[in-house]
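What follows is one structure encoded as structure tokens, with my remarks underneath.
Just so you know, all these numbers are worked out from the coordinates, no wet-lab data involved. Because the structure is a prediction, the values reported are computed rather than measured. For neighbour counting, all protein chains shown are included, and Cβ atoms are generated from backbone atoms with ideal geometry for every residue, glycine included.
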Amino acid sequence: MRQRHEYKSPYAAAVWSTVLPGFGQMYNKDYIIGFVLLGFEFLINLYSNLNLALVYSFTGDFARAHNVIDYRWAMFYPSLYAFSIWQAYNAAKAHNDRILDSMVKKRTHLTGFFIGMVVGMDCGLFWHDFSFLNPNRVLSILDMPVFSGLIFGLVLATLGNFIEKTIYRQIRKPKLQKAE
């Protein structure tokens, strides 16, 4: 019996993992890692009260968002979130390479972006409550636990992607040319 090989969109896998960590793995039919990531998602959300902090942040009640969130547990979430998206994207790419029986060297994609996202979101969660942010109206958005993580995450993700695409590729290019 011939197996049916279907194409897996790396972008669809990444979007599914963005919706909920583990869904991208389910899309890729990596059920074990998908259920493990879903379990960690629910565990971290339960103990950190992250969803409640999100509701309070998006309704503008930032004082309650500060009080309800448990930062000891919330610091795990950026790593889980970024790893889920990164793994789903790269697993879909690897799946498609296996279908095409590609002899291209295997590599990972968007690693700098997701490392930057994790570091930025963790920094945003950690540094959100500084007194110098209160008098400065422009920086007051960084005093919000959810938004500070998102802003720092996007800034450092962009920086990480830039570093990976420009500096890292420039360092590797001479080595690849010498090998030829």
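Observations on the structure shown:
- Segment Phe126-Val19, extension gain: residue separation times 0.36 nm, minus the distance between their alpha carbons: 36.2 nm
- Fewest-first sequence of His109, His95 by Cβ atoms within 10 Å of each Cβ: His109, His95
- Computed from the C-beta positions of Trp73 and Ile32 and an R0 of 35 Å, the FRET efficiency is 0.90 to the nearest 0.05.
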